[in-house]
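Written out below as structure tokens is the structure these notes cover.
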Amino acid sequence: MVTCIVAALDSELDQAKKELNARLSRTASGFIYYIGVLRQNPIYLAPVGAGIVSAAVTLGHLLTHMKPDQVIMAGSAGALPGSGLEIGDVAVASSEILAELGICSGEGVGEADSLNLLGFRQTIELDEHLGCSIVEKAEKTFKVYRGVFLSVAGVSNQPSHALTRAGRFGALVENMEGYALALAGMRFGIKVAEVRGVSNIAGIRDKSAWNLDLANERAQSLVLNYLRREY
């Protein structure tokens, strides 16, 4: 089984790169990735860039190059109102919704079904077995949740914006790359999962109240724990 771990930023893979003793490589087109080893099994790691567009383009290229059996995205996210998540908690996606897709009824809130376009899906499920396995094999040192994620082109700029999105979509967290992963999994026919640590409360832009390091550390720890038990 070939596994690839991806994240928006290179720094969001630092813990995994270190533990898997990963070395830097590049595709013929110049996209960077790393090759690590876990019990003699190769593990690919790759930054895909911030945002849905960058993630989609990079994932399309890397998946064609690597041909993995499963892809797990790690990173941070903002907890949406009503989710019950706090900073330092970790969430695993059951599905991804693209917030702005379709006809927009408000800032960052869209609806795609009424367009009735073939293959135009606002919600895409991630692999249930893989996601549940990651949750089940978690060490109980921090809280792990599983549920709906919301991908956004731009993050909520104030609490009221986050509250509107939460009310419309009922998601746990907002992020900027997960829908690209879900779509790639569907198009390439591979298993995909998404693990994100909560770094902040969505809509609160005061970064002194954030903890990105803790969020990224716990997301990577959960992914690595799953792989150690799986291989």
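The values are calculated or read from the model by the stated rules, or taken from the named source; none is laboratory data. Every value quoted in this text rests on a predicted model; they were computed, and no experiment measured them. As a convention, Cβ positions derive from the backbone with ideal geometry for all residues, glycine included, and neighbour counts pool all protein chains shown. We work out accessible area using only protein heavy atoms, side chains counted, and drop any ligands, DNA or RNA first. Shrake-Rupley method; radii C 1.70, N 1.55, O 1.52, S 1.80 Å.
Overview of results
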item	result
Local electrostatic count, Gly131, Cβ distance below 11 Å [Lys/Arg +1, Asp/Glu -1]	-3
In degrees, nearest ten, helix 178-188 long axis to first principal axis of the chain (Cα)	60
Beta bridges per DSSP with both ends in region 57-155, % antiparallel, nearest 5	45
Euclidean distance of C-alpha centroids, region 47-97 and region 143-217, integer Å	8
In Å², nearest 10: area of Leu98 left accessible to a 1.4 Å probe	20
Leu163 paired with Asp10, simple spin-label distance in nm, labels 7 Å along Cα-to-beta-carbon	4.1
Whole-Hz ³J(HN,Hα) from phi, Karplus 6.51 cos²θ - 1.76 cosθ + 1.60, for region 220-231, glycine and proline x	5, 4, 5, 5, 5, 4, 4, 5, 4, 7, 8, 8
Within the accessible area of the chain (1.4 Å probe), percent carbon and sulfur	52
Accessible surface, per residue, of the chain when the full set of protein chains is kept, probe 1.4 Å, Å²	44
In Hz, Karplus ³J(HN,Hα) per residue of region 144-157 (6.51, -1.76, 1.60; θ = phi - 60°; x = Gly, Pro)	10, 10, 9, x, 6, 10, 10, 8, 10, 6, x, 6, 4, 9
Value of [θ]222 nm, deg cm²/dmol, for the chain, DSSP H segments ≥ 4, -39500 (n - 2.57) each, nearest 500	-9500 deg cm²/dmol
Over 29 Å (Cα to Cα) - which of Lys17/Lys140; Lys137/Lys207; Lys67/Lys140 fall in this group	Lys137/Lys207; Lys67/Lys140
Proximal aspartates and glutamates relative to Lys18, as straight alpha-carbon distance under 15 Å, when same-chain residues fewer than 8 apart are discounted	Asp10, Glu217
Tail fraction, Cα-Cα pairs, region 14-151, threshold 17 Å, whole percent	71
Diffusion constant of region 113-231 at 25 °C, which comes from Stokes-Einstein with the Kirkwood Cα-pair radius and 0.890 mPa s, µm²/s	155
